[in-house]
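Before any comments, here is the structure.
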Amino acid sequence: MVKFLLRSILFLAGFFPLFALDVPVSRISDDSQLRIGLRDSWFYDTPASVLSRRPAIEQLPTGERVEVKAVEGRNEIMVIISRQNSQGQFPGWEQGSWMLTRRKDTGAGVLIRIFLRSDQFTYIDLKPMDSDKAQMDVVLYGGFMARSLPIAVPFERLYTMQLNEILRLAGDKFPRKYFDPDPAMYRDSRNFITQVRRRLGELRYADDGAIDETGNFIFIETLQRQPPSTAGVNCSGFAKWLIDGCLRPVTGNRLAVAPLKMPFGDRGSSFTINWENNPNQGIEIPFEHRRDPHFGLDWIRNLAAEANGTLRSSAHRSLEEFEVRNDSFSQILVNENRSFVIHNYPGFLPEAGYGFEGLYPLLYTLAIENPFSFYLAAINNEIGAAITEQNPRGAPRLRQFYHIAALIPYFDESGNFRIVVFESATESSFNGFNRRYPGHYINLVQVSVPSRFDP
């Protein structure tokens with residue numbers, strides 16, 4: 001059923017861009033009187049009769065137009081009451097749109113989905129629990145913000161109940177804040193993104209490259225200058241360039257490179273220390289044997305400490321203040337073999353961070369909770385060298401933080417949720433970034449969005 005619903009919604013939505021201009025959830029216009037009028041002919045009539053009906057355009061007392069139609073699946077039918085958007089279209093997920101899924105064999109209703117925002121990935125699901133009660137799921141980008149909340153009315157009573165009454169029955173367990181973002185609060189984020197995009201043309205990629213405190217392109221490993229003809233930055237150097245751009249308008253200076261390589265906070269063990277270089281502790285590992293498993297983690301932590309200590313206060317230099325360790329969901333929808341199933345999600349894991357499969361809902365909730373922040377990310381996975389003739393012992397599997405990116409989740413002027421990815425001197429699509437690392441983990445540190453950017 002979940003597979004059918006998601007495919008149907010994505011099909012309906014695939015031809016319509018986002019044009020969200022939503023109102024607070026409490027002000028979504030009521031369509032319960034329309035649903036009362038549709039009850040016998042669309043919600044209770046036989047599935048065959050419902051499927052034979054042509055789509056109908058109806059009008060709410062507010063003057064809003066809705067389209068009523070039925071979509072057929074393998075074992076179910078879906079009755080869709082789709083609100084019209086500002087472009088005159090009926091995408092199926094415009095704010096206030098309502099769907100009832102019924103079994104094709106018996107006609108029984110099995111699920112109601114209501115879109116509280118003009119976003120096909122944010123909705124509530126209502127399902128039967130027993131003869132006297134229903135239950136509610138609250139889903140944001142595949143993450144369950146609430147699961148199986150009891151609703152003290154029979155499921156079929158929900159066919160004609162007002163939305164605000166349904167949410168009242170859910171009480172304070174309904175996480176309303178995630179459906180009522182204020183686009184004005186993300187003005188600084190949008191401005192920051194624009195400024196970074198304007199300056200990207202000044203950079204090119206170069207392995208092991210960064211810009212030091214004097215403005216020279218150097219190699220991170222040796223701190224020696226790069227040849228001018230090929231000078232550039234890698235993923236780590238680019239993250240430093242971003243933070244320098246946040247701090248220079250305040251301090252007038254860029255950060256030095258060497259301190260950013262120093263260990264920060266608890267990480268590693270007596271085993272992993274044998275694979276990383278730390279001259280300050282008298283540990284010199286030959287380059288050919290060095291793994292530096294925590295380099296990316298130390299780098300973003302040091303950058304975040306410098307950024308938050310300057311842009312906020314010295315109290316925000318501590319790891320507990322800026323490392324993302326809390327999340328609002330413990331279950332997610334995962335696509336397995338072209339079918340969506342529900343998985344438990346462990347959330348934050350020390351020295352790893354979050355599984356990529358939950359990154360989308362995590363960034364959505366972070367955008368709501370921290371509207372004036374962006375995030376540096378260290379991507380990691382367990383890596384070990386294969387046994388070969390030249391290397392008969394192989395190499396032990398170590399968790400290595402090997403790539404760094406910047407993620408900016410925000411809402412645009414129309415209230416549409418967006419995620420911008422900057423990495424390695426370029427901008428990447430979030431969907432491509434998210435699909436690039438199956439089975440990997442991502443550690444996030446929070447940085448305040450600057451009012452000015454000048455690297």
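Remarks
- Members of segment 179-207 found to be outside any helix (DSSP H, G or I) and buried (at least 18 other Cβ atoms within 10 Å of the Cβ), listed by number: 181, 203, 206
- Failed condition for residue 131, given (1) of a type in the set (S, T, N, Q); (2) at pLDDT 95 or above; (3) not assigned by TED's automatic domain parsing to the domain that holds residue 341: (2)
- Members of segment 64-87 that are within 29 Å of the chain's Cα centre (by Cα) and in a loop (DSSP other than H, G, I, E, B): 84, 85, 86, 87
- Scanning segment 399-432 for residues that are in contact with a Pro (Cβ under 7 Å, 6 or more places away or on another chain) and at positive phi gives a single hit, 415.
- Against the criterion of being of a type in the set (A, V, I, L, M, F, W, C), at pLDDT 95 or above, closer than 20 Å to residue 402 by Cβ and surrounded by 14 or more Cβ atoms within 10 Å (Cβ to Cβ), residue 295 does not qualify.
- Tabulated pairs, segment 23-45, first touching a residue at least 24 places away in the same chain (Cβ under 8 Å), second charged (D, E, K, R) and assigned to a helix (DSSP H, G or I), C-beta under 8 angstrom, 6+ apart or interchain: 25/176; 43/35
- Single residue of 157, 147 found to be among the basic types (Lys, Arg), within 27 Å of residue 326 (Cβ to Cβ) and surrounded by fewer than 21 Cβ atoms within 10 Å (Cβ to Cβ): 147
- The condition (being touching a residue at least 24 places away in the same chain (Cβ under 8 Å), outside the structural domain of residue 25 (by TED's automatic domain parsing), surrounded by 21 or more Cβ atoms within 10 Å (Cβ to Cβ) and among the aromatic types (Phe, Trp, Tyr)) is satisfied by just one residue among 422, 433: 422.
- Within segment 418-455, no residue satisfies the criterion of being in contact with a helix residue (DSSP H, G or I) (Cβ under 6 Å, 6 or more places away or on another chain), assigned to a strand (DSSP E or B), farther than 19 Å from residue 307 by Cα and of a type outside the set (Val, Ile, Thr).
The values are calculated or read from the model by the stated rules, or taken from the named source; none is laboratory data. Everything numeric in this text was worked out from a predicted model, so none of it was measured. In this analysis, Cβ positions are derived from the backbone assuming ideal geometry, glycine residues included, and neighbour counts consider all displayed protein chains.
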